[in-house]
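Have a look at the structure below before the remarks.
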Amino acid sequence: MMLAALGAAGQASADPATVDYSAEGGLPDGQRVSPFDLSSPAVYRLDPALLDAIERAADSAAAQGVSVGLTSGWRSPEFQQQLFDDAVVQYGNAEIASQYVASPQISKHVIGKAVDVGPAGADNWLIRNGSAFGLCQIYANEIWHFELASDYGGACPPLRPNAAG
Ligand SMILES: [Zn+2]
């Protein structure tokens with residue numbers, strides 16, 4: 001009930017399209033930044049170990065002709081809340097929304113420990129090769145979302161169905 005109320009409040013707040021979230025880790029829709037672009041808070045506020053891993057993976061992918069960009073990295077709790085509120089509006093309730101967007105309380109983006117990668121060719125490259133850098137796909141329904149999660153043997157954990165599972 002409380003989350004639904006937040007969603008309703010979100011509708012009454014400023015139009016997200018008019019709010020500048022760049023300092024909160026927001027990136028322009030549809031645009032990607034290089035993991036080497038340290039001018040962006042979405043990049044430089046990542047956990048240093050994750051940033052190092054995605055940069056090493058990007059170098060390796062580039063050597064094979066695959067360009068790795070970030071569509072999202074670190075996000076402030078306020079920005080994550082806005083994304084969650086938007087999802088509640090889009091999907092109609094908090095329970096379904098939480099399968100697609102994590103709340104600020106559990107999102108790994110808020111603590112700089114998750115990256116969203118694009119384009120799809122880069123996602124597929126990382127799914128095949130990312131574990132060599134410690135990078136794992138976490139959710140079956142998010143081929144773009146990666147975290148440092150491989151074990152010392154380089155194996156990734158079993159996929160979870162979605163952000164709520
Ligand atoms: Zn993500």
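Where a number appears in this text, it was derived from the coordinates with a stated rule and is not lab data. This is a predicted model, so every value here is computed, not measured. A quick note on method: Cβ atoms are made from the backbone with ideal geometry, for glycine too, and the neighbour counts reach across all protein chains shown.
Numerical summary
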item	result
Charge context of G26, other residues only, Cβ under 11 angstrom, K/R +1, D/E -1	-3
Global geometry of segment 67-128, whether rounded, prolate or oblate, following the gyration tensor of its Cα atoms and the 1.5 cut on a/c	prolate
Of the DSSP H helices in the chain, those whose Cα atoms cover at least 20 Å axially and whose Kyte score averages -1.0 or more	48-63, 77-91
Surrounding net charge for P157, when Lys and Arg each add one and Asp and Glu each subtract one, Cβ distance under 15 Å	0
Residue-averaged [θ]222 nm for the chain, counting only DSSP H segments that reach four residues, each worth -39500 (n - 2.57)	-10500 deg cm²/dmol
Value of Rg to Rh for segment 47-88 (Rh from inverse mean 1/r over Cα pairs, i.e. Kirkwood)	1.17
Residue with peak Gaussian network fluctuation, the chain [Cα springs, cutoff 10 Å], from A122, A63, A42	A63
Approximate spin-label separation S22-R56, in nm, with each point projected 7 Å along Cα-to-Cβ	3.2 nm
Charge sum, other residues only, whose C-beta stays under 13 Å from S103's C-beta, Lys/Arg counted +1 and Asp/Glu -1	-2
Alpha-carbon radius of gyration plus Dmax, which is the widest Cα pair, for the chain in Å	15.9, 50
Tensor-based shape of segment 126-165 (alpha-carbon gyration tensor, a/c under 1.5 rounded, otherwise prolate or oblate)	prolate
